Amino acid sequence: MPLYLAGIGASAGGLDAVRALLSNLPVTRKVAYVVAQHQAPDFNAQKLVDLVQPDCPLRLEVARSGRPLVPDHVYWIPAGCDGQLDGKILLLAPGASLSKPSVDLLLQSLATNFGSRALGMILSGAGGDGALGCRAIQAAGGLTMAQTPESARFPGMPSAAISSGVVDRVLAPDKMGGLLLQRLSDQPTPAGMATLLELVQGATGVDFRGYKEETLQRRLQRRLAGLKLPGVDAYLDLVRRKPEELGQLQQDFLVSLSGFFRDEECFAALARELKAWLATHRGPVRVWVPACATGEEAYSLAMLLVEMLGAEQASQRCSVEACDLNAQAVDVARRGIYSGEALAKLDASRLQRHFISTGNAYRVSELLRSMCRFQQQDVLTAPIPERLDLISCRNLLIYLQSGLQGELLGRFRNSLRPGGLLFLAPSETTGTVGSTLFVPVDKQHRLYRRRGGLSA
């Protein structure tokens, strides 16, 4: 039985909210919980566990690194640590964030490693920690909840997540367990899901049958919640009366998430490999970014090339082509205008070199815009450019069924020049099929090189 992971984030005034949430959680044998509540460095988390345990039907314990995750257990991250999950608990020395433990870091690890089985719950607290993590979970097809601001002693954290548009339901803490139980038990029937996907394809031309059904189900459930509909049958009645609703569902299936230099260590590994290659390569440099979302990744790659080659050489030799099925996301990428929040983690020197301030936002430099070309295309059906040096396809394969993954990897291989690179996300690999097509260059950071000659 697949395990669901719920990350609970709280800060100031959060103890009462956490207590109300935990005391009303159902025993499901399907969900494990991890609490990240901001604490002073010398705080004893065991005291919180002992205080809350009498009211909680689940078992509470202080999280320990390397501990396997067990359903119906609640793990409390101790003071002085950040927490990540990948099937086991990993406790890390805290990073630069002022909030410790970091709620964003915890939720982002859930999104990366558990996809649609990730759950995020944001409770009382000051500041905005948790909003970025909820965005990652939502994009992965998981479920996000936030405490009603009026019930929170400090509404900053839930309000920040809500205002960012990354929260599926806003509830009092004692109601969250009921929604969770409903979501776990209310799964669309295979027949109902198949009918719905046929209707979406007929209305939009997009075939989602090769996508992982679990991911689509989670995103459908989020749509049902927004419309306050009890199930798929009610939704099918709605779309027969209002066919335009299918276009909105398509957009919900295509939730786009990106970021500049997302997964910094992976980009550092890619930069090292590119630098070594560019030291001997004198010809054109062709990069392709499928499933580019709102363009941050494509522009990040263009920045790397400019920094390695200089502006003149990069503008003359380098091209970054990118595509996405989501037309709205492509429009954002073409405009190249991003909020200060989207650029908050970008190195200050890069911000100064590659962006122009436009009041409350920043515009990508003309140089980068001239190097990047964005198209609205379905990567699963559209032709792939040929003789590519690098394909950066991150966070697409995780949404596809294995057969479609293998087919796409084969097309990637044939479109890369001999020795060309494939760059994936941390939660992705080339798998069994891909191992015959690609050789790992840096397995940890998901960088691969094309095998063989010019044909498959």
Index of the failed condition, L305 passing every other in (1) assigned by TED's automatic domain parsing to the domain that holds S415; (2) more than 26 Å from the chain's Cα centre (by Cα): (2)
Hits in the stretch 321-343 (condition: surrounded by fewer than 17 Cβ atoms within 10 Å (Cβ to Cβ), in a strand (DSSP E or B) and not polar (S, T, N, Q)): I337
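Among the residues of the stretch 218-230, is there at least one that is more than 29 Å from G120 (Cα to Cα), outside any helix (DSSP H, G or I) and of a type in the set (A, V, I, L, M)?
Looking through the stretch 218-230, none of the residues is more than 29 Å from G120 (Cα to Cα), outside any helix (DSSP H, G or I) and of a type in the set (A, V, I, L, M).
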Close pairs from the stretch 212-225: first outside the structural domain of L119 (by TED's automatic domain parsing) and surrounded by fewer than 20 Cβ atoms within 10 Å (Cβ to Cβ), partner of a type in the set (K, R) and not in a helix (DSSP H, G or I), Cβ under 7 Å, at least 6 apart: A225/R169
Some residue of the stretch 305-320 being crowded, with 22+ Cβ neighbours inside 10 Å and on the phi > 0 side of the Ramachandran plot: no
Any hit, the stretch 85-93, residues being surrounded by 21 or more Cβ atoms within 10 Å (Cβ to Cβ) and in contact (Cβ under 8 Å) with a residue 24 or more places away in the chain: yes
Odd one out for L380, checked against (1) under 15 Å from R286 (Cα atoms); (2) in a loop (DSSP other than H, G, I, E, B): (1)
Looking only at the stretch 11-68, and only at residues there that are of a type in the set (S, T, Y) and within 27 Å of the chain's Cα centre (by Cα), the one that is farthest from K175 (Cα to Cα): S65
Qualifying residue in the stretch 89-96 (condition: out of contact with any His (no Cβ under 6 Å at 6 or more places or on another chain), among the small types (G, A, S) and under 18 Å from K30 (Cβ atoms)): no
Matching entry among S315, S300, S349 (being part of a helix (DSSP H, G or I) and within 18 Å of the chain's Cα centre (by Cα)): S300
Evaluation of G259 against (1) farther than 30 Å from T28 by Cβ; (2) assigned to a helix (DSSP H, G or I) (one fails), failing number: (2)
Complete set of residues in the stretch 239-256 that are in a loop (DSSP other than H, G, I, E, B), crowded, with 16+ Cβ neighbours inside 10 Å and of a type outside the set (A, V, I, L, M, F, W, C): S256
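Given the residues E428, E407, which is the only one that is of a type in the set (D, E), part of a helix (DSSP H, G or I) and out of contact with any Ser or Thr (no Cβ under 7 Å at 6 or more places or on another chain)?
None of the others qualify; the one that does is E407.
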Filtered residue count, the stretch 414-437, keeping only those that are crowded, with 17+ Cβ neighbours inside 10 Å, without any contact (Cβ under 8 Å) to a residue 60 or more places away in the chain and over 25 Å from the mean Cα position of the chain (by Cα): 3
Test for V285: is it β-branched (V, I, T) and modelled with pLDDT of 95 or more: yes
Inter-residue pairs, beta-carbon under 9 Å, first modelled with pLDDT of 90 or more and in the stretch 243-268, second surrounded by 20 or more Cβ atoms within 10 Å (Cβ to Cβ) and polar (S, T, N, Q), 6+ apart: F260/S300; F261/S300; F267/S300
Candidate set: the stretch 137-152, residues that are in contact with a helix residue (DSSP H, G or I) (Cβ under 7 Å, 6 or more places away or on another chain) and more than 29 Å from L254 (Cβ to Cβ); chosen: the one surrounded by the most Cβ atoms within 10 Å (Cβ to Cβ): A152
Helices (runs of 4 or more DSSP H) wholly inside the stretch 107-216 that include at least 2 residues being under 20 Å from the mean Cα position of the chain (by Cα) and closer than 26 Å to K30 by Cβ: 131-139, 156-163
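The values are calculated or read from the model by the stated rules, or taken from the named source; none is laboratory data. Given the structure is predicted, the values throughout are model-derived calculations rather than measurements. Neighbour counts run over all protein chains shown; Cβ positions are idealised from the backbone, glycine included.
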